[in-house]
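Data block below; observations after.
The values are calculated or read from the model by the stated rules, or taken from the named source; none is laboratory data. Predicted, not measured: the structure shown is a model, and the values here were computed from it. Because the Cβ atoms are built from the backbone with ideal geometry, glycine has one as well, and the counts that use them run over all protein chains shown. Surface accessibility is based on the protein's heavy atoms, side chains included, excluding ligands, DNA and RNA. Shrake-Rupley method; radii C 1.70, N 1.55, O 1.52, S 1.80 Å.
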Amino acid sequence: DIAAKAGVMMDPDTPKRIPNTLNAHRLIHWAGLEGRQTLMVSALFRAYWVEGRDSGDLSVLADLAAEAGLNRDGIARLLSTDADLAEIRVREGHARERGINAVPTFLLANQYVLSGAQPPEVWAQVIDELAARA
């Protein structure tokens, strides 16, 4: 309902399975190195929630990387290796130690954690509180 109110068309029944997202997180990391992290995350969410694509499939991930402006063949090669796997697992462990277990989760100013979709009013309140402390 929140997504629809924000103009995002998605159906929670579209995904057919819940994939392992470890490789998707590697892809987000690499996209960030190229300044394309936001595009990559958007492509992943669209593919999963709107199109029902399997974001755990390496070929799908390589295609999505290309859609976000990354080199498909280069990403496919990286995905077939253990490149940055240890670093992503450390990041995942760090997040889980802090109680983060939902996507998306936003950590703001090392003080606020917002999990899942939040209405604009919640974001405004957090921003106002942060601004008041600055």
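Let me spell out the model: positive unit charges on the Cβ of Lys and Arg, negative unit charges on the Cβ of Asp and Glu, origin at the Cα centre of region 1-40. What dipole size does that give, in debye rounded to 20?
Here region 1-40 has a charge dipole of around 140 debye.
Tell me, what is the FRET efficiency for residue 34 and residue 108 to the nearest 0.05, using R0 = 30 angstrom and their Cβ-Cβ distance as r?
Details: r = 25 Å, r/R0 = 0.82.
Efficiency for this residue pair is about 0.75.
From the helices alone, meaning DSSP H stretches of at least four residues, give me the mean residue ellipticity at 222 nm for the chain, per-run term -39500 (n - 2.57), in deg cm²/dmol to the nearest 500.
My calculation for the chain gives -15500 deg cm²/dmol from helical runs alone.
Relative contact order (percent) for the chain, with alpha-carbon contacts under 8 angstrom and 6 or more residues of separation?
Relative contact order for the chain comes out at 20 percent.
Any idea which of 111, 59, 80 is furthest toward the positive side of the dipole for region 18-134, if Lys and Arg beta-carbons carry +1 and Asp and Glu beta-carbons -1?
Farthest towards the positive pole: 111.
How much length is gained on full extension from residue 3 to residue 77, taking 0.36 nm per residue of separation minus their Cα-Cα distance?
Once the chain is fully extended between residue 3 and residue 77, it gains 23.2 nm.
How large is the accessible surface of residue 49 in square angstrom, using a 1.4 angstrom probe and rounding to the nearest 10?
For residue 49, the solvent-accessible surface is approximately 80 Å².
Residue by residue, what Karplus-based ³J(HN,Hα) values in Hz, rounded to whole numbers, does region 25-35 have, using 6.51, -1.76 and 1.60 with θ = phi - 60° and x for Gly and Pro?
Calculated HN-Hα couplings, in order: 5, 4, 5, 4, 4, 5, 4, x, 5, 9, x Hz.
Short version: ³J(HN,Hα) in whole Hz for each residue of region 43-60, in order, from phi by Karplus 6.51 cos²θ - 1.76 cosθ + 1.60 (θ = phi - 60°), x for Gly and Pro, what are they?
My calculation for region 43-60 gives 5, 5, 5, 4, 4, 6, 7, 9, 9, x, 6, 7, 6, x, 7, 4, 5, 4 Hz in order.
Tabulate in residue order the Karplus-calculated ³J(HN,Hα) for region 76-86, using 6.51 cos²θ - 1.76 cosθ + 1.60 with θ = phi - 60°, rounded to whole Hz; enter x for Gly and Pro.
With the stated coefficients, region 76-86 comes to 4, 5, 4, 5, 7, 10, 9, 3, 6, 4, 4 Hz.
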